[in-house]
1. Scanning region 67-91 for residues that are free of Cβ contacts under 8 Å to residues at least 60 places away in the same chain and over 19 Å from Leu31 (Cα atoms), which turns out surrounded by the most Cβ atoms within 10 Å (Cβ to Cβ)?
2. Collect the residues in region 317-345 that are at negative phi and without any contact (Cβ under 8 Å) to a residue 24 or more places away in the chain, keeping them in residue-number order.
3. Is there a residue being in contact with a Pro (Cβ under 7 Å, 6 or more places away or on another chain) and either buried (at least 19 other Cβ atoms within 10 Å of the Cβ) or under 19 Å from Leu295 (Cβ atoms) (or both) anywhere in region 205-213?
4. Considering only residues of region 102-116 that are touching a residue at least 60 places away in the same chain (Cβ under 8 Å) and outside any loop (DSSP other than H, G, I, E, B), which is nearest to Leu31 (Cα to Cα)?
5. If you check Ala132, Ala145, Ala156, which single one turns out to be in contact with a Ser or Thr (Cβ under 8 Å, 6 or more places away or on another chain), farther than 16 Å from Pro231 by Cβ, at pLDDT below 95 and buried (at least 22 other Cβ atoms within 10 Å of the Cβ)?
6. Do you know which of the residues in region 31-73 that are at positive phi and small (Gly, Ala, Ser) is modelled with the lowest pLDDT?
7. Kindly state which helices (runs of 4 or more DSSP H) lie completely within region 272-346 and contain at least 2 residues that are out of contact with any strand residue (DSSP E or B) (no Cβ under 6 Å at 6 or more places or on another chain), among the charged types (D, E, K, R) and surrounded by fewer than 20 Cβ atoms within 10 Å (Cβ to Cβ).
8. (1) under 20 Å from Ser205 (Cβ atoms); (2) within 26 Å of the chain's Cα centre (by Cα): which one isn't true of Leu119, the others all being true?
Amino acid sequence: MSILRSALSAAVAVTGLSVSGGAALAESPTLKAVQERGTLLCSGHNGSYFGFVEVNDKNEWKGLDIDLCRALTVAILGDKDKNQIVPLSWAQRFPALQSGDVDVVIKATGWTMGRDTELGLQFSNPYFFGGAQLMVRKDLGAQTATDLDGGTICVAAGTTIERIVADHLKSENVEHTMVSFEKTAEVIGAYKSGRCDAYAAWGPSIAVLLANQFEDAGDHVILEDKLSAEPISAAMRQGDDEWVDVVNWMLAALLKAEEEGVTQANVAEMAANPPNPTVARLLGVNPGMGERLGLRETWAREMIAAMGNFAEIYDRNLGEGSPYKLERGLNNLWSNGGVLYTPILD
């Protein structure tokens, strides 16, 4: 695990943040369109992707990715509710982005070479890591993916999981049938009904699913194979580097706030008496955070006051403050044994 952490940390560090010169950042066509429209268009889901993009019993959107959309909305427009969540299937998210139906896709989206080079997309720095895994019923007796020879696997269409699982099983010479569905609920229903022997999905989502949707959770097991270590990022249209900067620094500000101990409860106090120059810059006491991005100097302060830091967002959607109790693991700060880090705020 320590080798994996080191490799992932190096990969994230090499990625860096795009930097553009001075006031040119304010010329982002996407940022300008959002500011003129007065609404940020964010990706939703055509159902519930528990913990990340879901609808509660009051028909309200919630989840880690929804809260990141709200954080971005505060950064740009000063009000977390000035956004429109557009329901999309996995397959619809990229066409919707390319057509302008959404401004950004924040929806458990893996950063891949094909998407980066062939679909006209750009990606933010990763804000989450998770790998493809397989879940089976315990009575099947499978211990690893190689025990699924001749089996049927259910998966959501239009995801990286399809290819990752297919490539892995092919490399292990495991004969299988892959059955894909447009909606996550359809995949889950097919697995529960016994139509397939295994359910293929993103590891964190399987853990959340078991905690929330399976009364017989003890009768199922997540196989030990971790088929990938996928970086999850926000996706944007290619060619608008300044917009990528805005999204990157939104994510960086949330992580920097966690790193510096700035929370939703103490952000006003921290702004009144910054403990160090980094916090002073982060909260707009010292100028620089706003002008270089075409935003208000206090955007990060307002964002943290509205949404909390990254740890607070994680906790209420996936961690101890949620029904799922999902440990952060790799998705912790580097200083706490994870791979997430922030660039220098100068």
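The values are calculated or read from the model by the stated rules, or taken from the named source; none is laboratory data. Computed from a predicted structure; not experimentally measured. Glycine also receives a Cβ, built like all others from the backbone with ideal geometry; neighbour counts cover every protein chain displayed.
1. Leu88
2. Residues of region 317-345 that are at negative phi, as a first pass: 317-324, 326-328, 330-336, 338-345.
Hits for region 317-345 are Gly319, Glu320, Gly321, Glu327, Arg328, Asn332, Asn336, Ile344.
3. No, region 205-213 has no match at all.
4. We begin by selecting, within region 102-116, every residue touching a residue at least 60 places away in the same chain (Cβ under 8 Å); these are 102-111, 115.
Keeping just the survivors that are outside any loop (DSSP other than H, G, I, E, B) gives 104-105, 110, 115.
Details: Val104: 11, Val105: 15, Gly110: 23, Arg115: 22 Å.
Among residues in region 102-116 that are touching a residue at least 60 places away in the same chain (Cβ under 8 Å) and outside any loop (DSSP other than H, G, I, E, B), the one nearest to Leu31 (Cα to Cα) is Val104.
5. On inspection, the qualifying residue turns out to be Ala156.
6. Of all residues in region 31-73, those at positive phi come to 38, 47, 51, 59, 63.
Still in the list and also small (Gly, Ala, Ser): 38, 47, 51, 63.
Values: Gly38: 98, Gly47: 81, Gly51: 92, Gly63: 96.
Filtering region 31-73 for residues that are at positive phi and small (Gly, Ala, Ser), the one modelled with the lowest pLDDT comes out as Gly47.
7. Filter on region 272-346 gives 310-317.
8. For Leu119, the failing item is (1).
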